Amino acid sequence: MDVSSRRKFLIISLGAVGASLAGVAAYPLFRYLSPQPTGGEKGRVTIPRAQVGAGQAHFFQFRGHPAVLLERTPGVFAAFSAICTHLGCIIRWLPEKGEFLCPCHAGRFASDGKVLAGPPPRPLQVIPVAVAGDNLLVG
Amino acid sequence: MDLGKKIADFLDVRLGVREILEQNLTKYLLPRNINSWYTLGAVLLTLFTVQFASGILLLVYYDPSTDEAFRSVQRIMNEVPFGWLIRTVHAVGANIIVLALLMHMLSVLFMGSYKSPRELTWVAGFLLLLVSLGMCLTGYLLPWSQLSFWATTVATKSSEEIPLIGDLAVRILRGGAMVGQPTLGRFFALHVMGFPLVFGLLALFHLFCVRRVGISRPPFGPEWQPAAPPTTFRHEEHPGGIPFFPHYVAKDAAVIAFFLALLLGVVFFAPGLFFPPAAFEPADPFVTPPGIKPEWYFLWAYQTLKILPSEFLGLAVQGAAVTLLLFLPFLDRSPERRPARRPLFVTFFLLGVALFLALSVWGHYS
């Protein structure tokens, strides 16, 4: 074996050992920094019906994200993700207009989540709601 | 032409990197009789890199409040995947670093490498040791365990004996009359920002001094002769020496591997070595656990305070020892570095090491 091929062999071997060690160190690091399950990410959220006034919006955490619940007409409830579909700001409810406004870039959404005006490309994400006695089951 | 060569050519045309690499690696010659003790600088650089990386990772989950600190550390140890590994590496790493720092300091003392023209290298190195001990002391409080709380209470209380400003010093260190949230806040700030910043600047200066003055030649062998202290700046060259790369880098890598193996050996096979039972209980300011003692590297100081008739005398002795070591190159001005020709120094050196060990063992068992 001449010098240059021996040197190449050594470089490749050292590179392989280094890459293996880097892999061994990277796995714990990746696991350490990965988001931890917070629980309730698949579950339903129960909200007392009395908390949602007619024409008012109730903001709450749903599976780790902000969501909004409103009584559109008496006895008819709707829930949406409160994250604007444009750039991720949190929408506001304008009770006097009966619509949502995104304060970042003036995106407007109707009370059924559809885009009325502004830059949002999609309607708000709809979350299923069911009435169970005095409670509302979201999700 | 392969990509690596293209990138190297690109950088070489613009920054002359090949010349820099040659000057600092293959054409950087070290004395032929250089020994393994000279690798401890590279070992410490590696260990501190591990320590900084693991410290930054711990910051992701650590919460520096008295209500949450202990719980957040428990969470890191028991819930976060591989949190136990990161935290144990950090805690054990601190101990291995102190061991390597002491070995580095003792080898420099024994070989007289602190002497002219390397006084500034020594002073910066010794200050690095003190800052490292500061990082150990401040880091000890952060888990907010019984051990942390009471070790810090005892350590900060000893400053009370400083004449005139003792009470003020304790209150400033603690941020109040007792160890509490203000203490945790300031120790946290010092541990993660203050000391590392000072450490980084000192380490840069230390490395600059080492490179600028040149590596000292080990004072062994028939050809070594003491030289008169220089009157003008001169970089110490070693013509005919061994190249730093690949020869000495291989030796550096071997000793670094040894220290990393020691670190991981303790982490995997004796993870509880530096965690007494009081480290697993949350801090309780109303219950002092029995037998609280500092870490092994502070035991000599702890025992000195115990055996001397007054705490003031103990502090004075410790202060004198630290000051003597800091300014040693300005006191010991003889150009002779061969240990066999420095019987008085070697006697004091051995007595000093023996005293450190004896006080530490005594402190541990007392």
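Restricted to the stretch A:39-88, and to residues that are at positive phi and free of Cβ contacts under 8 Å to residues at least 12 places away in the same chain, which residue is nearest to the chain's Cα centre (by Cα)?
Of the stretch A:39-88, the ones at positive phi are A:39-40, A:55, A:63-64, A:75, A:88.
Retained after the next criterion (residues that are free of Cβ contacts under 8 Å to residues at least 12 places away in the same chain): A:39, A:88.
Values: A:G39: 15, A:G88: 9 Å.
Among residues in the stretch A:39-88 that are at positive phi and free of Cβ contacts under 8 Å to residues at least 12 places away in the same chain, the one nearest to the chain's Cα centre (by Cα) is A:G88.
Please verify whether A:V131 is exposed (fewer than 13 other Cβ atoms within 10 Å of the Cβ) and among the hydrophobic types (A, V, I, L, M, F, W, C), treating the condition exactly as stated. Give the steps one after another, and end with the answer.
Values: exposed (fewer than 13 other Cβ atoms within 10 Å of the Cβ): yes; among the hydrophobic types (A, V, I, L, M, F, W, C): yes.
So A:V131 passes the test.
Being surrounded by 12 or more Cβ atoms within 10 Å (Cβ to Cβ) and among the aromatic types (F, W, Y) is the filter; apply it to the stretch B:209-265 and report the residue that is farthest from A:V17 (Cα to Cα).
B:W224
Based on what the data block shows, is B:L11 under 23 Å from B:R211 (Cβ atoms) and free of Cβ contacts under 8 Å to residues at least 12 places away in the same chain? Please lay out each step first, then the result.
Working: under 23 Å from B:R211 (Cβ atoms): yes; free of Cβ contacts under 8 Å to residues at least 12 places away in the same chain: yes.
Taking the combined requirement at face value, the residue satisfies it.
Here is a list: A:V3, A:V68. Which entry is among the β-branched types (V, I, T) and under 30 Å from A:D134 (Cβ atoms)?
Going through A:V3, A:V68 in turn, just one is among the β-branched types (V, I, T) and under 30 Å from A:D134 (Cβ atoms): A:V68.
Given the criteria out of contact with any Leu (no Cβ under 8 Å at 6 or more places or on another chain), under 30 Å from B:D332 (Cβ atoms) and assigned to a loop (DSSP other than H, G, I, E, B), does B:P143 qualify?
Working: out of contact with any Leu (no Cβ under 8 Å at 6 or more places or on another chain): yes; under 30 Å from B:D332 (Cβ atoms): no; assigned to a loop (DSSP other than H, G, I, E, B): yes.
Spelling it out, it is not the case that B:P143 is out of contact with any Leu (no Cβ under 8 Å at 6 or more places or on another chain), under 30 Å from B:D332 (Cβ atoms) and assigned to a loop (DSSP other than H, G, I, E, B).
Could you identify the single residue in B:A69, B:A53, B:A100 that is surrounded by fewer than 19 Cβ atoms within 10 Å (Cβ to Cβ) and either within 14 Å of another protein chain (Cβ to nearest Cβ) or in contact with a Leu (Cβ under 8 Å, 6 or more places away or on another chain) (or both)?
Numbers: B:A69 fails: surrounded by fewer than 19 Cβ atoms within 10 Å (Cβ to Cβ); B:A100 fails: surrounded by fewer than 19 Cβ atoms within 10 Å (Cβ to Cβ).
Result of the check over B:A69, B:A53, B:A100: B:A53.
Among helices (runs of 4 or more DSSP H) lying entirely in the stretch B:303-366, which contain 1 or more residues that are at pLDDT below 95?
On the way: elements: B:311-326, B:328-331, B:343-365.
Hits in the stretch B:303-366: B:311-326, B:343-365.
Consider the stretch B:256-279. How many of its residues are assigned to a helix (DSSP H, G or I) and at pLDDT 95 or above?
First, the residues of the stretch B:256-279 that are assigned to a helix (DSSP H, G or I): B:256-269, B:277-279.
Those left that are additionally at pLDDT 95 or above: B:256-269.
Adding up the residues that qualify gives 14.
The values are calculated or read from the model by the stated rules, or taken from the named source; none is laboratory data. Treat the numbers as computed from the prediction; the structure is a model and nothing was measured. Please note: Cβ atoms are built from the backbone with ideal geometry, for glycine as well, and neighbour counts cover all protein chains shown.
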